[in-house]
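The values are calculated or read from the model by the stated rules, or taken from the named source; none is laboratory data. Computed from a prediction, not measured in an experiment: that's the story for all the values here. Cβ: placed from backbone, ideal geometry, glycine included. Neighbour counts: every protein chain shown. Accessible surface is based on the protein model in full, side chains and every heavy atom, while ligands, DNA and RNA are left aside. Shrake-Rupley method; radii C 1.70, N 1.55, O 1.52, S 1.80 Å.
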Amino acid sequence: MVGLSVGEKHFIQGGIAQDLRSDGRKRLTYRPIYVETGVIPQAHGSARIRLGATDVIASVKGELGKPSALQPDKGKIAIYVDCSPTAAPMFEGRGGEELSTELSVALQRCLLGGKSGAGSGIDPSSLVIVEGKVCWDLYIDGLVISSDGNLLDALGAAIKAALSNTGIPKVNVASETSGDEQPEVNISDEEFLRFDTSGIPVIVTLTKVGRHNIVDATSEEESQMSSAISISINRKGRICGLTKRGGAGLDPSIILDMISVAKHVSEQLIDKLDSEIAAAEADEEES
């Protein structure tokens, strides 16, 4: 937890009420976003996102596996988050483990949709090689290096950038089989498949401080929140997922208003993030 004096709390809350936050931003303004891609050579794709003093990395690794019996026409995707103990004092011991689990569950809810895959920003059917027999299993790992608030939005952006950077080897089926036998496959060293990341949503977290909502809250601002709602929204303005934290309840009409604000903010965030990802990938190709 961030320890603040009474005066500091009044300063933060008063600034938000007047639409002038302590770092000079307005209520609905993000901190500058910096993107770096290809930061982990061993992964199939990776990216680093810095949002103010919040610094996170996401990596994507694909392994050949077998589709589940319940969803033979879909591959599998798993998201795990690790909070480095050096990122913040509260991450040491069980505090870090609990937050890692909370962030992992929230990211799966926001990016992977329901259990059926409906609403998913990543199409699981695109990971199938031979229905019911061979598929790609995607393991998406997030690492929190430094924390100054708004971890969920930063991790969501890092995953979007890492998937844009991902190249999965092309797999050719060498021989068809019948029954339960696994087919022989050849994995290419030269041809790679890229993901269409245009449908992957961004996550916009609206943090309620006093009577007002803010985006991209710092750790100090989060310490003053009553509740927060994270909404994942794609380029078409569709809601892909939603998760809430904080003890205070929210009236349904307020939630609808927050969704409307998040949709407006997401348009600018998607454009900014896409341009930063494109610039980072261009820099990576040149280097």
Between 0 and 90°, nearest 10: helix 252-286 axis offset from the chain longest Cα axis: 60
Amide H partners (placed H, <5 Å) of Asp82, local residues excluded: Gly142, Leu143, Val144
Whole-Hz couplings from phi, Karplus 6.51/-1.76/1.60, listed for the range 45-58; x for Gly and Pro: x, 7, 7, 10, 10, 10, 10, x, 8, 7, 9, 9, 10, 10
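Find out how many positive minus negative residues lie around Leu51, taking Lys and Arg as positive, Asp and Glu as negative, among other residues whose Cβ is under 9 Å from that of Leu51. Intermediate values should be presented prior to the final figure.
Numbers: positive: Arg31, Arg50; negative: Asp55, Asp148, Asp153, Asp216.
It works out to a net charge of -2.
Multiply the residue separation of Arg238 and Glu97 by 0.36 nm, subtract the distance between their alpha-carbon atoms, and state the gained length in nm to one decimal. Intermediate results must be reported in sequence, preceding the final value.
Details: separation 141, 0.36 × 141 = 50.76 nm, distance 3.17 nm.
Separation in residues times 0.36 nm, less the Cα-Cα distance, equals 47.6 nm.
Send over the per residue convex hull volume for the chain, Cα only, as a whole number of Å³. Walk me through the intermediate numbers first.
Numbers: hull volume 40.4 nm³, N = 287.
Taking the convex hull of the Cα positions in the chain, it is 141 Å³ per residue.
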Flagged links, alpha-carbon separation over 20 Å, of Lys61/Lys244; Lys26/Lys263; Lys26/Lys208: Lys61/Lys244
Alpha-carbon centroids, the range 230-247 and the range 179-205: separation in whole Å: 25
Thr29 paired with Val185, simple spin-label distance in nm, labels 7 Å along Cα-to-beta-carbon: 4.9
Within-12-Å neighbourhood charge of Arg21 [Cβ basis; K, R +1; D, E -1]: -1
Per residue accessible area of the range 108-253, 1.4 Å probe, in Å²: 44
Whole-number accessible area per residue in Å² for the range 1-94, which is evaluated in the context of all protein chains at 1.4 Å: 56
Solvent-accessible area, 1.4 Å probe, carbon plus sulfur percent, for the range 122-251: 44
Label-point gap, in nm, between Ala78 and Ser175 - each point 7 angstrom along Cα→Cβ: 3.1
Difference of contour (0.36 nm per residue) and Cα-Cα distance, Asp251 to Ala279: 6.0 nm
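If you place +1 on the Cβ of every Lys and Arg, -1 on the Cβ of every Asp and Glu, and leave all else neutral, what size is the dipole of the range 7-286 about its Cα centre, to the nearest 20 Debye?
Working: 28 positive and 41 negative charges, 268 e Å.
The dipole of the range 7-286 has a size of about 1280 debye.
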Which of Gly241, Ala228, Ser253, positive extreme of dipole for the range 115-256 (C-beta unit charges): Ser253
Ellipticity estimate at 222 nm from DSSP helix runs (n ≥ 4, -39,500 (n - 2.57)) divided over the chain, nearest 500: -9500 deg cm²/dmol
Span from the the range 7-26 Cα centroid across to the the range 119-160 one, whole angstrom: 35
Sequence ranges 207-215, 98-106, ranked by mean other-Cβ count within 10 angstrom, highest first: 207-215, 98-106
Relative packing of 133-144, 269-280, 7-18, which averages over residues the other C-beta atoms within 10 Å, highest first: 133-144, 269-280, 7-18
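Within the set of other residues whose C-beta is less than 11 Å from the C-beta of Ile12, count the net charge using Lys and Arg as +1 and Asp and Glu as -1. Don't jump to the answer; show the numbers that get you there.
Values: positive: Lys9, Arg21; negative: Glu8, Asp23, Glu220, Glu221, Glu222.
Computed value for this residue: -3.
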